[in-house]
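Some notes on the structure that comes next.
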Amino acid sequence: MMRYDRQIKLNEVGVSGQEKLQKSSVLIIGVGGLGCPAAQYLAGAGIGKIGLMDHDRVSLTNLHRQTLYGEDNIGEFKAKVAKEKLQHLNSEIELVAIEEALTIENAEKIFSEYDVILDGTDNFETKYLINDACVLTGKPWVYASIYKNEAQLSVFNYKEGPSYRCLFPKTTQQNISCEVTGVLGVTPGILGTFQAAEVLKIILGIGNVFSGKLKVLNILEGTEQVLTIQKNPAVIEKIRDQGIIPVTNNCRIKDENKTYLDIREIFEQPRIGSKNVLEIPMSDLDNRLWEIPKDEEIYVFCQSGKRSKKIVELLRNDYGFEHLKNVDGGIETIILNPA
Amino acid sequence: MNINVKYFGMIAEAAGKTEEVLELEGNPSLGELKDRQVKKYAIKDPQSVQLAVNQNLNTQVELQDGDEVAFLPPFAGG
């Protein structure tokens with residue numbers, strides 16, 4: 001208990017609050033820019049059990065914002081490294097590394113083992129999945145999202161409050177992650193820390209939990225807006241009736257063994273969510289040529305096959321990419337479920 | 001009437017500003033104001049864009065002179 005002295009001293013926490021934290025469990029989905037700082041503060045605070053769910057591995061471009069990882073961890077599973085680092089910070093708590101992706105199949109079972117869910121993900125598909133699984137298992141979830149220097153924060157499904165689908169009933173096709181837009185490391189750091197604060201408030205039953213409201217921050221301008229969210233009981237009822245409603249923004253690629261390069265602009269549809277597709281829009285190609293492996297066979301595609309044909313020729317003739325192949329006929333010929 | 005409009009995220013980028021005051025003829029509805037700005041700035045995926053009137057999201061109210069309307073897109077990054 002000694003290690004928690006500085007928070008136990010607060011009237012809002014006390015010994016009984018500390019016991020609540022020790023009896024509680026939190027699942028962090030995505031141990032990246034948001035999940036790392038959140039996990040550090042929650043482990044430090046003495047949350048009894050923390051689940052660390054991430055199927056991704058540490059890469060060099062993670063290090064400027066994903067504060068749990070070092071250069072020697074590149075290539076290792078984030079969940080495993082995070083568990084080790086956090087166990088070092090607090091040996092008294094239980095840490096569970098889950099090195100798999102959240103899916104419609106596993107979400108409800110995993111959520112049922114935790115009290116609060118923290119969203120550290122970077123795509124809409126998973127955010128809707130978290131939302132629906134939280135509605136079905138009755139768990140509150142702490143949401144944050146970032147677009148460049150702006151961010152959104154809220155708590156959903158808390159004590160019959162609004163859900164994410166109440167806020168955004170229709171999703172966008174513009175699934176733009178920080179990997180693509182760029183982000184200052186501090187932005188997810190700030191948001192992940194806000195998320196950890198909401199988790200502590202929920203578990204301790206103190207303060208005003210940020211439910212029914214959306215905080216919109218602009219880190220550069222230093223501005224903050226609070227918008228109120230109306231609950232839409234019909235959309236929540238629909239989830240209870242139908243179960244998890246898949247968000248089908250992304251389609252799958254037929255051949256998982258080939259490596260693809262998608263040169264379409266990010267608003268072009270359909271998007272592909274497969275790991276073996278590198279996305280570099282034509283408009284950004286000049287800046288990101290270095291991301292394309294030179295010694296690997298790569299299939300380049302666009303919507304129809306015309307633009308990609310030109311790009312293949314250009315990259316072959318001017319930049320020495322010898323293993324590029326054009327996908328004649330475009331995206332429709334390589335996906336499993338064409339429109 | 002005058003409406004104070006605020007833009008977030010990629011909408012602010014499309015508009016090239018984070019806020020402006022619009023002088024509107026007649027009494028446009030919230031939907032008409034949305035359509036107008038979507039066209040003006042070529043805002044993508046308008047069905048996903050939520051409007052907040054005087055900081056209240058997901059409402060359908062009649063616009064009044066001096067109202068503040070925020071255009072909010074979903075963000076995905078983390």
Which of the lysines could a cross-linker span from A:Lys294 if the Cα-Cα distance has to be under 18 Å and same-chain partners fewer than 8 positions apart are dropped?
-> A:Lys258, A:Lys309, A:Lys310, A:Lys325
Radius of gyration and Dmax for the protein assembly as shown's Cα atoms, expressed in Å?
-> 22.6, 70
Ranked by GNM mean-square fluctuation in chain A (Cα springs under 10 Å), the top entry among A:Lys109, A:Lys310, A:Lys20 is A:Lys310
The residues A:Thr187, B:Thr18, A:Thr61, sorted from fewest to most surrounding Cβ atoms within 10 Å, come out as A:Thr61, B:Thr18, A:Thr187
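With +1 assigned to the C-beta of every Lys and Arg and -1 to the C-beta of every Asp and Glu, and no other charges, what is the dipole magnitude of chain B about the Cα centre in debye, to the nearest 20? All intermediate terms of the calculation are to be shown ahead of the outcome.
Details: 7 positive and 12 negative charges, 73 e Å.
Here the size comes out at about 360 debye.
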Loop-resident sites, the stretch A:201-255, for GluC sites (Glu not before Pro), counting at most 10 other Cβ within 10 Å (DSSP) | A:Glu221
Work out the P(r) tail for chain B: percent of alpha carbon pairs separated by more than 19 Å, whole number.
-> 28 percent
Amide H to amide H, which residues 5 or more places from B:Gln55 or on other chains are under 5 Å from it, using H placed in the peptide plane?
-> B:Ala70
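Give me the net charge for the shell around B:Glu25: Cβ to Cβ below 13 angstrom, other residues only, Lys and Arg +1, Asp and Glu -1.
Residues near B:Glu25 contribute -2 overall.
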Lys/Arg +1, Asp/Glu -1 at C-beta; the stretch A:2-242 dipole; positive extreme among A:Gln7, A:Gly70, A:Ile98 = A:Gln7
When chain A is modelled as a GNM with alpha-carbon springs shorter than 10 Å, which of A:Gly33, A:Gly185, A:Gly14 fluctuates the most?
-> A:Gly14
Evaluate the charge dipole of the stretch A:1-109 about its Cα centre and quote only its size in Debye, nearest 20, assuming +1 on the Cβ of each Lys and Arg and -1 on the Cβ of each Asp and Glu.
-> 360 debye
Can you list the HN-Hα couplings for the stretch B:12-23, worked out from phi with the Karplus curve (6.51, -1.76, 1.60; θ = phi - 60°), rounded to whole Hz and with x for Gly and Pro?
-> 4, 5, 5, 7, x, 7, 9, 7, 7, 9, 9, 9
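Taking square-rooted eigenvalues a ≥ b ≥ c of the alpha carbon gyration tensor, is the stretch A:2-242 rounded, prolate or oblate, where a/c under 1.5 means rounded and, failing that, a/b exceeding b/c means prolate? Numbers along the way, then the final one.
On the way: a/c = 1.32, a/b = 1.10, b/c = 1.20.
Here the stretch A:2-242 falls in the rounded category.
Considering Cα pairs under 8 angstrom that are at least six residues apart, work out the relative contact order of chain A and quote it in whole percent.
On the way: 652 pairs, mean separation 46.0, N = 339.
Rounded, it is 14 percent for chain A.
Take every Cα pair under 8 Å in the stretch A:257-315 that's 6+ residues apart, average their separations, divide by the length, and report that relative contact order as a whole percent.
Working: 61 pairs, mean separation 25.0, N = 59.
Rounded, it is 42 percent for the stretch A:257-315.
Below 8 Å between Cα atoms, with a sequence gap of 6+, how large is the relative contact order for the stretch A:19-108 in percent?
Details: 167 pairs, mean separation 29.0, N = 90.
Across the stretch A:19-108, relative contact order equals 32 percent.
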Which whole DSSP H helices in chain A pass both tests: a Cα extent of 20 Å or more along the axis and a mean Kyte-Doolittle value no lower than -1.0?
-> A:186-204
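Between the DSSP loop rule and a limit of at most 15 other Cβ atoms within 10 Å, which chymotrypsin sites (Phe, Trp or Tyr not before Pro) in the stretch A:233-297 are left? Let's see the in-between values first.
Details: sites: A:Tyr260, A:Phe267, A:Trp290; in loops: A:Phe267.
The qualifying sites are A:Phe267.
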Please order A:Asp132, A:Asp318 by the number of other Cβ within 10 Å, starting at the fewest.
-> A:Asp318, A:Asp132
With the charge dipole of the protein assembly as shown built from beta-carbon charges (+1 for Lys and Arg, -1 for Asp and Glu) about the Cα centre, the Cα from A:Gly182, A:Ile203, A:Ala39 projecting farthest to the positive end belongs to A:Ile203
Given backbone amide H placed at 1.01 Å from N, residues whose amide H is under 5 Å from that of A:Val96, ignoring those fewer than 5 places away on the same chain, are A:Ile50, A:Gly51, A:Leu52
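Fewest to most neighbouring Cβ within 10 Å: what's the order for B:Lys44, A:Lys294, A:Lys148, B:Lys39?
Working: B:Lys44 17, A:Lys294 14, A:Lys148 21, B:Lys39 10.
The order, fewest Cβ neighbours first, is B:Lys39, A:Lys294, B:Lys44, A:Lys148.
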Going by the alpha-carbon gyration tensor, a ≥ b ≥ c the square roots of its eigenvalues, is the stretch A:137-281 rounded (a/c under 1.5) or, if a/c is not under 1.5, prolate (a/b greater than b/c) versus oblate?
-> oblate
Could you go through the stretch A:4-9 in sequence order and give the Karplus-derived ³J(HN,Hα) for each residue, using 6.51 cos²θ - 1.76 cosθ + 1.60 with θ = phi - 60°, rounded to whole Hz, and x for Gly and Pro?
-> 9, 3, 5, 8, 5, 4
Starting from the coordinates of the alpha-carbon atoms of the stretch A:250-333, obtain the Kirkwood hydrodynamic radius over all distinct pairs and give the value in Å to one decimal.
-> 12.7 Å
What is the mean number of Cβ atoms from other protein chains located within 10 Å of the Cβ atom of each residue in peptide A:145-152, rounded to a whole number?
-> 6
Signed unit charges on C-beta, dipole axis of chain A, positive-most listed residue A:Gly212, A:Ile130, A:Ile50 = A:Gly212
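If you put +1 on each Lys and Arg Cβ and -1 on each Asp and Glu Cβ, how big is the dipole of the protein assembly as shown around its Cα centre, in Debye rounded to 20? Each step should come with its number before you reach the end.
Values: 46 positive and 58 negative charges, 106 e Å.
For this selection, approximately 500 debye.
No lab work stands behind these numbers, since they all come straight from the coordinates. In this text the structure is predicted, and so the values were computed from the model without any measurement. Note that each Cβ is placed from the backbone with ideal geometry, even for glycine, and that neighbours are counted across all protein chains shown.
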